[in-house]
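*Asks:* Below you'll find the structure I mean.
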Amino acid sequence: MRLNKYLARCGVTSRRKADDLIAAGRVALDGQTVTELGTKVNPESTTVTVDGAEVSLPQQYEYYLLHKPQDIISTADDPHDRKTVVDLIDTERRIYPVGRLDADTTGVLLLTDDGELTNQLTHPSNEVSRTYEVICEGALPDNAVEQLHTGVDIGEELPAQGDLGILWTEENKGAAHLTLRAGRYHEVKRIFASLGCQVERLHRVKFAGLTCGNLAQGEYRTLDSDEIHQLKSRG
Ligand code: URA
């Protein structure tokens, strides 16, 4: 590959400006300065430096959206050798889920080997939005929407806040959409317990703007470059 193209692919600068760097004697191959435009490089076997600092191609990661089925745990490795969400994806890479869903929860789950993006999407300060559809047993209090708005005590330092939209209620049953912006352990179940109900069925409809679309439980797809870009720019 031509050196200017390689430098551009590494994100150092544009191809034209890479020629200026080369001509200025700022680029070295295996420690030898090169100034000839049109120099070729084999990235597999050559160390390329600019002003003495090594440059390299950005790593290509894999990104999947899984419609997580029920009764599958969302860890990468299980000490008891149970089937995990990672086993559902056909890849040789060491991917892992972005956050966790309980074994009995279904819905959108991202998996990747991109640690930086995982941190961005799971760090509470980034307030990545996640929406759940909840079917619960027990009557939701009349002021449930307001309670979620001001914050529900779930036994932690900070109350849990979110947007609750009631879908329907019957005497002893109800369904709602709940949108949260932090991923705390068993958060939805603890919120509903605090409201006096028990979660009977939990499905994550949306995570960071992504939905399952037409995927059936257990099916997955890769994310396209626009979706990856959007995820990276929201953090
Ligand atoms: N909150 C829960 O209680 N369980 C999940 O799986 C996700 C959010």
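The values are calculated or read from the model by the stated rules, or taken from the named source; none is laboratory data. Every value quoted in this text rests on a predicted model; they were computed, and no experiment measured them. Here Cβ is always computed from backbone atoms with ideal geometry, including for glycine, and neighbour counts include all displayed protein chains. Quick note on the areas: whole protein, heavy atoms, side chains included, nothing else; ligands and nucleic acids left out. Shrake-Rupley method; radii C 1.70, N 1.55, O 1.52, S 1.80 Å.
*Asks:* Residues of segment 196-210 being open to solvent by less than 60 Å² (accessible area, probe 1.4 Å) and either of a type in the set (Val, Ile, Thr) or within 13 Å of the ligand (Cβ to nearest atom) (or both), which ones?
*Replies:* Across segment 196-210, the qualifying residues are Cys197, Val199, Leu202, His203, Arg204, Val205, Phe207.
*Asks:* Right, here's the next one. Among the residues of segment 86-94, are any in contact (Cβ under 8 Å) with a residue 12 or more places away in the chain, within 16 Å of the ligand (Cβ to nearest atom), buried (at least 16 other Cβ atoms within 10 Å of the Cβ) and farther than 15 Å from His186 by Cα?
*Replies:* Among the residues of segment 86-94, not one is in contact (Cβ under 8 Å) with a residue 12 or more places away in the chain, within 16 Å of the ligand (Cβ to nearest atom), buried (at least 16 other Cβ atoms within 10 Å of the Cβ) and farther than 15 Å from His186 by Cα, which makes the answer no.
*Asks:* Then there's this: Could you list, in sequence order, the residues of segment 121-132 that are open to solvent by 70 Å² or more (accessible area, probe 1.4 Å) and either among the aromatic types (Phe, Trp, Tyr) or not in a helix (DSSP H, G or I) (or both)?
*Replies:* Scanning segment 121-132 gives His123, Glu127.
*Asks:* Right, here's the next one. Hey, does segment 149-169 have a residue that's under 22 Å from Ile95 (Cβ atoms), in contact with a Ser or Thr (Cβ under 9 Å, 6 or more places away or on another chain) and outside the structural domain of Val86 (by TED's automatic domain parsing)?
*Replies:* no
*Asks:* Out of segment 45-82, which residues are among the charged types (D, E, K, R) and surrounded by 16 or more Cβ atoms within 10 Å (Cβ to Cβ)?
*Replies:* Glu62, Lys68
*Asks:* If you go through segment 166-185 one residue at a time, how many are within 16 Å of the ligand (Cβ to nearest atom) and of a type in the set (A, V, I, L, M, F, W, C)?
*Replies:* 5
*Asks:* Can you pull out the residues in segment 161-180 that are modelled with pLDDT under 95 and either surrounded by 16 or more Cβ atoms within 10 Å (Cβ to Cβ) or in contact with a Lys or Arg (Cβ under 9 Å, 6 or more places away or on another chain) (or both)?
*Replies:* The answer is Gly174, and nothing else.
*Asks:* Looking at segment 18-31, can you tell me whether even one residue there is touching an Asp or Glu at 6+ places or on another chain (Cβ under 7 Å), open to solvent by less than 80 Å² (accessible area, probe 1.4 Å) and not in a loop (DSSP other than H, G, I, E, B)?
*Replies:* No, the conditions are met nowhere in segment 18-31.
*Asks:* Just checking, does segment 216-230 include any residue being surrounded by 12 or more Cβ atoms within 10 Å (Cβ to Cβ) and within 16 Å of the ligand (Cβ to nearest atom)?
*Replies:* yes
*Asks:* Another question, if that's okay. So which of Arg221, Arg181, Arg130, Arg201 ends up being farther than 16 Å from Leu111 by Cα, touching a residue at least 40 places away in the same chain (Cβ under 8 Å) and within 17 Å of the chain's Cα centre (by Cα)?
*Replies:* Arg181
*Asks:* For segment 141-151, name all the residues that are under 26 Å from the mean Cα position of the chain (by Cα) and open to solvent by less than 100 Å² (accessible area, probe 1.4 Å).
*Replies:* Leu148, Gly151
*Asks:* Yes or no: Thr118 assigned to a helix (DSSP H, G or I), in contact with a strand residue (DSSP E or B) (Cβ under 8 Å, 6 or more places away or on another chain) and surrounded by 12 or more Cβ atoms within 10 Å (Cβ to Cβ)?
*Replies:* yes
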